[in-house]
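The values are calculated or read from the model by the stated rules, or taken from the named source; none is laboratory data. Given the structure is predicted, the values throughout are model-derived calculations rather than measurements. Counting neighbours? That spans all protein chains shown, and the Cβs are built from the backbone with ideal geometry, glycine included. Side chains are part of the model used for accessible areas, which takes the heavy atoms of the whole protein and leaves out ligands, DNA and RNA. Shrake-Rupley method; radii C 1.70, N 1.55, O 1.52, S 1.80 Å.
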Amino acid sequence: MSLESVRYRRGSLQVLNQLLLPQSSQYDSVSGVREGADAIRTMKVRGAPAIAIVGSLSLAVELTSNPPQQTAELLTFVRESMERLVGARPTAVNMKRAADELNAFLSREAEKPGVTVQELTDRVVQWAESLLEKDVRDNRLIGDLGAQHILQTTNAPAGVVILTHCNTGSLATAGYGTALETRPYNQGSRLTAYELVYEKIPATLITDSMAAVTMRERQVSAVVVGADRVVANGDTANKVGTYQLAVLAKHHGIPFYVAAPSTSCDLSLPTGGSIVIEERPSQELTDINGVRVAAPGIGVWNPAFDVTPHELITGIITEHGVFRPEELRDGLSQGK
Ligand code: MRU
């Protein structure tokens, strides 16, 4: 059975508390939107698609346990809940896209003659549930299309070596040798390593400062990272450290891929300069498991993401195909 970060059945939502991994696999209940937003803000659950799915399902469970009695009440509750969830973390675009889509869907449905508040509530719940199914489908497609493309374009008879960063989970079932890079918050070593050990995929953990030497000495076939937001020209926000990997990959002549569902693409922004980059609490850098390891009094800058310019990106792997950055807009519109 594959790793489940989210367990959902109608009226009940649980998330794997990723703050406790790999020491313990504990599922925490999320009974509504406030708890959903807290789980996202504190990074119990993280990763751009998971943020949108948990956010939307937290709305679904609250609507199931406490259905509104009036249509106006439902519309206000959905709008305010989505605002709260979008505000929990700003850089990944998936939650914002989900909010815009749901608000538009609900306005259309509410205008249909004779529709009851119960019917509308059911439709919102079904809409949130459909995100879960779509994400599983898209992840499979991204994994398959990315693996085919990389196998066809690299000459690696002994098997490809992929270097990845942080945690995306989307290529974790490709089944080839993988080098993981970690970062100050240790998401590579805590989360991606956990997934790969679980899936029995051969992998080696390295630190961020070993990326250059690994590229020079370990025959890295490609770098594959995730994305929190890919904008119209292909510039991509992803976990901080992604940009430096792209610079290093260029220097070493290694292809650099971004694997992301179309729900992580934001064609309304022309370039990466307009992406809001979240800054996280300083304790994520200065403390490990609540124990201070950095010199007291030191200043800290802790942006969670950086932007990789499109000219460093070989291809963007989506559920609709693998596109060069300049092909993204057309590729996605044809895939719709
Ligand atoms: O801060 P996080 O852990 O939410 O950041 C995760 C990443 O940057 C991922 O690469 C991205 O969200 C894609 S997850 C499929």
Over the stretch 180-333, what is the relative contact order in whole percent, taking alpha-carbon pairs under 8 Å and six or more residues apart? 25 percent
Name all residues of the stretch 302-336 having a backbone nitrogen under 16 Å from the label point set 7 Å from the Cα of residue 108 along its Cα→Cβ direction, giving them as ranges. 336
Which is the longest run of the chain containing none of the GluC sites (Glu not before Pro) found in DSSP loop states (not H, G, I, E, B) with at most 13 other C-beta atoms within 10 Å? 112-336
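Among the DSSP beta bridges whose two residues both lie in the chain, what percent are antiparallel, rounded to the nearest 5? It would help to have the intermediate numbers written out before the result.
Values: 19 of 38 bridges.
Counting only bridges with both partners in the chain, antiparallel ones make up about 50 percent.
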In this structure, the FRET efficiency calculated for residue 333 and residue 24 from their beta-carbon separation, with R0 = 51 Å, to the nearest 0.05, is 0.70
Linear extension gain, residue 326 paired with residue 186, 0.36 nm per residue minus alpha-carbon span: 47.1 nm
Could you give the length gained by full extension between residue 158 and residue 42, i.e. 0.36 nm per residue of separation minus their alpha carbon distance, to one decimal place? 37.6 nm
Rg/Rh for the chain to two decimals, with Rh computed the Kirkwood way over all alpha-carbon pairs. 0.98
With r as the distance between the Cβ atoms of residue 251 and residue 287 and R0 = 30 Å, compute the FRET efficiency 1/(1 + (r/R0)^6) and round to 0.05. 0.35
Summing -39500 (n - 2.57) over every DSSP H run of at least 4 residues in the chain and dividing by its residue count gives a helix-only mean residue ellipticity at 222 nm, to the nearest 500 deg cm²/dmol, of -13000 deg cm²/dmol
For the chain, accessible area per residue (1.4 Å probe, heavy atoms of protein chains only), Å²: 47 Å²
Spin-label point model (7 Å from Cα, Cβ direction): what's the residue 122 to residue 79 distance in nm? 2.6 nm
Taking the square root of 5 times each eigenvalue of the Cα gyration tensor, what semi-axes in Å does the equivalent ellipsoid of the stretch 14-88 have, largest first? 25, 13, 8
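For the chain, what's the relative contact order in percent, using C-alpha pairs closer than 8 Å and at least 6 residues apart?
Relative contact order, the chain: 15 percent.
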Over the chain, with every protein chain in place, what whole percent of the accessible area is carbon and sulfur at 1.4 Å, could you tell me? 52 percent
Computed over all unlike Cα pairs, the Kirkwood hydrodynamic radius of the stretch 249-300 in Å stands at 15.4 Å
Hull shadow area, averaged, the stretch 115-260 [alpha-carbon convex hull, nm²]: 11.1 nm²
Relative contact order for the stretch 255-336: what is it in percent, counting Cα pairs under 8 Å that are at least 6 residues apart? 38 percent
Please identify, among 261, 270, 309, the residue showing maximal mean-square fluctuation in a Gaussian network model of the chain using a 10 angstrom Cα cutoff. 270
Specify the residue with the greatest mean-square fluctuation among 114, 272, 55, computed from a Gaussian network of the chain linking alpha-carbon atoms under 10 Å apart. 114
Set of lysines with alpha-carbon distance to residue 44 below 30 Å, sequence-local pairs under 8 removed: 96, 134, 200, 239
For the stretch 204-336, what is the convex hull volume of its Cα atoms per residue in Å³? 135 Å³
Longest to shortest principal axis, alpha-carbon extents of the stretch 92-167, angstrom: 63, 20, 16
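With a Förster radius of 56 Å, plug the Cβ-Cβ distance of residue 100 and residue 212 into 1/(1 + (r/R0)^6) and report the FRET value to the nearest 0.05.
Once rounded, the FRET efficiency stands at 0.90.
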